Amino acid sequence: MTERPHLAVIGAGPAGLAASLAAAARGVRVTLIDAAPDAGGQFYRQPATGLGARRPQALHHQWRTWERLRDGLAAQADIRHLTEHHVWCVERKSSGSDRPDAFTVHALLGPLQEEPATVHADAVLLATGGYERVLPFPGWTLPGVVTAGGAQAMLKAGLVVPGRVAVVAGTGPLLLPVATGLAAAGVRVEALVESADPKAVVRHTRALAAKLPEAARYAARLLRHRVRFLPRNAVVEAHGDERVESVTVAALDADGRVRPGTGRRIPCDTLAIGHGMLPHTDLAETLGCRLDGVRVHADEEQRTDVPGVWAAGESTGIGGAALSLAEGHIAGRSIAARLAGRTPDPRGWATAAKSRTKLGEFAAALDTVYAPPAHWTEQVTDDTVVCRCEEVTAGAIREAVGGLGAADVRTVKLLTRAGMGWCQGRMCGPAVAGLASCELTPARRPFARPVPLGVLAQEAQEAQEAEATDAAEAARETRKAQDHAHPTEKELS
Amino acid sequence: MNPLELADARPGPAFTVTLDGREIPALPGQTVAAALWAAGITSWRTTRGQGRPRGIFCGIGVCFDCLVTVNDRPNQRACLVTLRPGDAIRTQEGTGHDD
Ligand SMILES: Cc1cc2nc3c(=O)[nH]c(=O)nc-3n(C[C@H](O)[C@H](O)[C@H](O)COP(=O)(O)OP(=O)(O)OC[C@H]3O[C@@H](n4cnc5c(N)ncnc54)[C@H](O)[C@@H]3O)c2cc1C
Ligand code: FES
């Protein structure tokens with residue numbers, strides 16, 4: 001009997017968990033790889049075990065779903081869960097997906113990320129989720145200014161809050177759970193500042209109707225915590241010296257321009273801010289997967305255009321945990337069938353496909369409503385730092401575009417160093433694109449994580465040795481073939 | 001209600017670490033960043049170019065704003081590194097290799 005097919009799932013969030021469970025239930029051996037110490041991803045991020053939380057659900061919604069995923073993972077012996085494995089590259093060994101060991105997943109172990117580890121697999125699922133987009137404004141590099149999701153992540157995992165008095169601002173549905181989460185954890189939330197116009201939601205009621213009760217629940221909680229809701233407003237500046245001490249909030253007109261004279265200061269020690277999310281696409285990029293704009297392209301079965309590589313969840317587009325679950329489930333079933341050499345019957349996942357369609361429409365509607373204000377760049381002064389790593393200002397970027405004729409993010413990067421630092425443009429990419437009035441294009445980063453040179457050197461040496469072994473093997477094969485052509489006496493007898 | 005109460009946390013015994021020699025309490029499982037936040041500290045490094053203060057920004061290991069020196073190893077992401085008793089944290093200046 002041949003060995004059962006082996007799937008590597010990268011990302012243990014809703015998408016990766018749903019896929020692992022679906023695939024393992026259908027006879028696939030799964031290795032689930034994640035950088036975090038626990039499963040759950042962003043949505044179901046768990047308090048560190050040592051904190052002994054007896055009521056982690058107080059910081060969560062849809063806890064039942066998490067219990068099902070968690071218990072499923074614990075009960076399924078065919079899933080090996082590798083925690084604290086930071087994947088920096090997935091390598092494709094052969095052009096066909098039917099060859100065993102077609103992929104090598106390269107990871108670095110632990111928080112210090114120095115020790116290498118590899119996983120070999122017949123197929124790969126990219127379920128790496130996304131990260132938050134924050135557009136710059138004066139003062140956004142001050143300590144105490146954090147991403148909305150980051151504040152939520154620190155709260156859920158470390159049971160800590162960044163300060164006593166916060167403003168939650170930006171745009172998008174994530175701001176609601178963040179504001180209610182901080183308020184429940186004892187932070188005084190002075191205001192929830194949303195640049196979008198909730199009235200626009202009415203124009204999209206059909207797609208959004210399903211989510212209205214959830215929004216109403218959040219609204220009730222905000223009211224209970226006496227959080228002011230300021231729609232059609234934006235934070236235009238954060239003030240402070242060593243850390244944020246107050247923010248200026250101003251009203252926006254129908255075109256998304258700041259209304260002159262409407263600015264008012266709100267004292268706070270924390271600003272949690274976000275302008276939507278972006279998919280993680282770096283691993284897909286190095287594998288040569290096609291991208292649709294900034295997300296990984298996936299077909300009806302969640303397959304990318306590279307044989308043997310599937311993608312699910314927010315790596316294929318931002319749409320929330322429920323959509324990620326549906327996509328993961330479909331991917332897991334498709335993978336199980338394909339690895340067994342069968343064409344899957346989509347009727348098997350009809351329910352998941354239906355919710356995928358509905359939630360996809362919902363996400364598209366949200367995207368239209370919660371777009372960052374059209375004229376956000378007007379608030380970015382020339383001395384505002386845009387690239388946080390390399391400390392490149394908006395003035396330098398404008399000079400590169402206006403004075404030196406840079407017309408794309410790559411040229412701006414070469415001229416100014418914006419995007420060349422530690423984070424490799426993940427934080428400043430959208431801002432640079434906005435300031436240069438060009439499209440945000442995939443960055444084509446060679447690795448998903450910084451890799452110590454020693455590890456690269458070791459990999460290179462191993463590759464060389466493998467090549468040498470391959471060459472020796474080939475020579476042996478040739479000799480054997482020749483021997484067969486001229487059979488020895490021993491074989492004849 | 002504070003977050004520990006909210007989640008009804010019963011952590012193991014607290015321990016101490018140091019930040020530039022000063023003792024800071026930490027709870028088992030907390031990252032460098034979480035312990036510093038709990039102690040009311042929100043910045044622990046200055047930038048290479050302008051010497052500006054920085055701390056947590058993304059909170060999930062993507063932005064590298066939270067770099068810090070842990071047991072003499074510079075450039076560790078405070079939001080990812082879990083503390084152990086006795087760890088010596090140092091604020092980081094510039095590239096972290098100058099001191
Ligand atoms: C900081 C943050 C906080 C959020 N909080 C909320 C919230 O409170 N409520 C809400 O409704 N939505 C929240 N979201 C949105 C959330 O992303 C989605 O709703 C949902 O979690 C997406 O599921 P997913 O499975 O696609 O990806 P995720 O849940 O994001 O899971 C992806 C997983 O992949 C892992 N990963 C990524 N890259 C690598 C790599 N190279 N190597 C190893 N592992 C890797 C990550 O560690 C993560 O565990 C948050 C998003 C972010 C970025
Ligand atoms: S806060 Fe962004 S990497 Fe730690």
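The values are calculated or read from the model by the stated rules, or taken from the named source; none is laboratory data. Everything numeric here is computed off the predicted structure, so don't read it as measured data. So basically every Cβ, Gly included, is an ideal-geometry build from the backbone, and we count neighbours across all protein chains shown. These area figures cover heavy atoms from the full protein model, side chains too; ligands, DNA and RNA do not enter into them. Shrake-Rupley method; radii C 1.70, N 1.55, O 1.52, S 1.80 Å.
Summary table below
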quantity: Cysteines having no other Cys beta carbon under 4.7 Å from their own, within chain A; calculated: A:Cys89, A:Cys268, A:Cys289, A:Cys389, A:Cys423, A:Cys438
quantity: Cα centroid of the stretch A:334-372 to Cα centroid of the stretch A:51-65, whole Å; calculated: 27
quantity: FRET efficiency estimate (nearest 0.05) - Cβ-Cβ, B:Arg22 to A:Glu465, R0 35 angstrom; calculated: 0.10
quantity: Span-like helix ranges in chain A, DSSP H, alpha carbon extent 27 angstrom or more, Kyte mean at least -0.5; calculated: A:350-369
quantity: Distance in nm between pseudo-label sites at A:His239 and A:Ala364 (7 Å out along the Cβ direction from Cα); calculated: 4.5
quantity: Of all accessible heavy-atom area on the stretch A:257-390, the percent that carbon and sulfur account for (1.4 Å); calculated: 50
quantity: The protein assembly as shown: antiparallel DSSP beta bridges as a percent of all, rounded to 5; calculated: 55
quantity: Cα-centre dipole for chain A with unit charges at Cβ (Lys and Arg positive, Asp and Glu negative), debye to 20; calculated: 2260
quantity: Rounded, prolate or oblate (a/c below 1.5 giving rounded, otherwise prolate when a/b exceeds b/c) for the stretch A:241-300 by Cα gyration tensor; calculated: oblate
quantity: List of the stretch A:20-55 residues, accessible area with partners at least 40 Å² below that of the chain alone (1.4 Å probe); calculated: A:Gly50, A:Leu51, A:Arg54, A:Arg55
quantity: For B:23-32, mean number of other protein chain Cβ atoms within 10 Å; calculated: 4
quantity: Helix-only [θ]222 nm of the protein assembly as shown, DSSP H runs n ≥ 4, -39500 (n - 2.57) each, per residue, nearest 500; calculated: -9500 deg cm²/dmol
quantity: Paired Rg and Dmax values of the protein assembly as shown, which use every Cα atom, in angstrom; calculated: 25.1, 101
quantity: Accessible area that becomes buried as B packs against A, both chains, 1.4 Å probe, Å², nearest 100; calculated: 4200
quantity: Buried on assembly, the stretch A:148-171 (at least 10 Å² less accessible surface than by itself, 1.4 Å probe); calculated: A:Gly150, A:Ala153, A:Met154, A:Gly158, A:Leu159, A:Val160, A:Val161, A:Pro162
quantity: J(HN,Hα) series, the stretch A:422-432, from Karplus relation 6.51 cos²θ - 1.76 cosθ + 1.60, nearest Hz, glycine and proline x; calculated: 3, 7, 6, x, 5, 7, 9, x, x, 5, 4
quantity: Relative contact order [Cα under 8 Å, 6+ residues apart], the stretch A:101-222, whole percent; calculated: 16
quantity: Where GluC sites (Glu not before Pro) in DSSP loops with at most 16 other Cβ within 10 Å are excluded, longest remaining stretch of chain A; calculated: A:301-438
quantity: The stretch A:260-396, relative contact order in percent, only Cα pairs under 8 angstrom and at least six apart counted; calculated: 15
quantity: Whole-percent carbon and sulfur share, accessible surface of chain B, 1.4 Å; calculated: 49
quantity: Solvent-accessible heavy-atom area per residue, rounded to whole Å², over the protein assembly as shown at 1.4 Å; calculated: 44
quantity: Centre separation in Å (Cα based) which lies between the stretch A:214-270 and the stretch A:385-417; calculated: 29
quantity: Built amide H within the under 5 Å cut-off of A:Gly425, gap 5+; calculated: A:Gly419
quantity: Occluded residues from the stretch B:59-73, i.e. those whose accessible area drops by 10 Å² or more once the chain is not alone (1.4 Å probe); calculated: B:Gly59, B:Ile60, B:Val62, B:Cys63, B:Phe64, B:Asp65, B:Leu67, B:Arg73
quantity: Cα-based Lys proximity count in the protein assembly as shown, under 20 Å, for pairs eight or more positions apart or on separate chains; calculated: 4
quantity: Distance in nm between pseudo-label sites at A:His225 and A:Arg444 (7 Å out along the Cβ direction from Cα); calculated: 4.4
